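One structure is given here, and the rest of the page talks about it.
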Amino acid sequence: VGCGVGYIGRAIKEQQKCDIDGIDIDKTALKIAEKYYNQTYLMKIGDETNKVFVDFLKSSKKYDCIICGDIIEHLADPGYVISILSKKLAPNGKILVSVPNIAHIDVIANLIDGRFNYGETGILDNTHLRFWTESSFYDFIENINEHYKTTLSPKLIGKTVVEHPILDTRYFREICGDEIFTFQNIFELKNEKHPTIPHPRKKNNYRNIIVAIDTKNNFDAQIAEKNKIIHDIENSTSWKITKPLRKISALFHKH
C-alpha cells in the first residue's frame, strides 16, 4: 500500500518467489512500479466513489501479507483503512505497519522548550496527519476493533533507532529507557479469534527526561563554573608572580 515506484516490491522479489500487487495514488509512480508487480491499482483506499477501489474491495482475492510502510500517518482516517485491509487478509495473514514515534527525544525536548515545528522531513514531516507512541498505537488498534468490529492483535516486531549526534545516548537511555531514541516502530497486525492488546508498563518518560536534562545541565553548569574559577586564578597577577616559586617547589617534591 503506497508502493510508489516499487522499491519494496523489487526488493521482495529479489529475495523470494511471490506474487505482489501494488496500490498507489500516483499514476506516474505506478508506471515505473508495474514491472515489479503482478498487478497495480491506481486508487485511494476508502474512496467508495472510485470504481477501482470498489472492485478491489469486492474481489475474493486475499493476501498473506500487506505492507503499509510509512503510509498511515499521512491518512486522514487510518483506522478505516486498516479495517478495510484486515478484510483482505488470508487465514494467518498479517499487516506490517511502520509509523514514526512521536515520543522521540527530539520531539520531547522541543516540546519542553515550547516548540512543535513541522519540517520537510522526519517525524514532524509536513505531510504527517497522525502521530503515535508504542502504547498509543496499541490503543489505536483497540479502538479500531471496537469501532469497526475487527479482531486485530498488534505486536511490536521491530524499530528504527536513531542515535543522537550530541547527547550522551547511554546516559539518557539509562534514565529514560530505549523509546526516546526510537525513530520508527514496526508492528505486525493479525486477525485472531480472541484478539489481545498489549498494555506495556507506563514509563514516566517526560518527567525522567526533564530530570535527565536538568541534571546534565546542572552538571555542565558546575563544570563551566569551575573552569571559570580556574581560568580567573591562572590569569590573576598573584598566580603569575608566584609561577617561578611553584616550579622550584615541584622540583623539590619530585626528588
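Things to note:
- Among the residues of the range 1-51, just one is assigned to a loop (DSSP other than H, G, I, E, B) and among the aromatic types (Phe, Trp, Tyr), namely 37.
- In this structure, residue 84 does satisfy being open to solvent by less than 20 Å² (accessible area, probe 1.4 Å) and either closer than 20 Å to residue 65 by Cα or modelled with pLDDT under 90 (or both).
- Residue 121 vs. criteria of a type in the set (Ser, Thr, Tyr), loosely packed, with under 13 Cβ neighbours inside 10 Å and not in a helix (DSSP H, G or I): yes
- Residue that is nearest to the chain's Cα centre (by Cα), among those in the range 136-158 that are open to solvent by less than 30 Å² (accessible area, probe 1.4 Å) and small (Gly, Ala, Ser): 158
- Qualifying residue in the range 53-75 (condition: at pLDDT 95 or above and of a type in the set (Ser, Thr, Tyr)): yes
- Filter pass, residue 161 being open to solvent by 10 Å² or more (accessible area, probe 1.4 Å) and of a type in the set (A, V, I, L, M): yes
- Across the range 11-21, the qualifying residues are those that are in contact (Cβ under 8 Å) with a residue 12 or more places away in the chain and of a type outside the set (Asp, Glu), and the one among them that is surrounded by the fewest Cβ atoms within 10 Å (Cβ to Cβ) is 13.
- Some residue of the range 99-113 being open to solvent by 70 Å² or more (accessible area, probe 1.4 Å), modelled with pLDDT under 95 and assigned to a loop (DSSP other than H, G, I, E, B): yes
- Applying the set (1) open to solvent by 30 Å² or more (accessible area, probe 1.4 Å); (2) in a helix (DSSP H, G or I) to residue 73 leaves exactly one unmet item: (1).
- Considering residues of the range 22-67 that are of a type in the set (Ser, Thr, Tyr) and under 16 Å from residue 88 (Cα atoms) only, the residue surrounded by the fewest Cβ atoms within 10 Å (Cβ to Cβ): 60
The values are calculated or read from the model by the stated rules, or taken from the named source; none is laboratory data. The structure presented is a predicted model; accordingly, all values stated were derived computationally and were not measured. Cβ coordinates were reconstructed from backbone atoms using ideal geometry, including for glycine residues, and neighbour counts include every protein chain displayed. These accessible areas exclude ligands, DNA and RNA; they are computed on the full protein's heavy atoms, side chains included. Shrake-Rupley method; radii C 1.70, N 1.55, O 1.52, S 1.80 Å.
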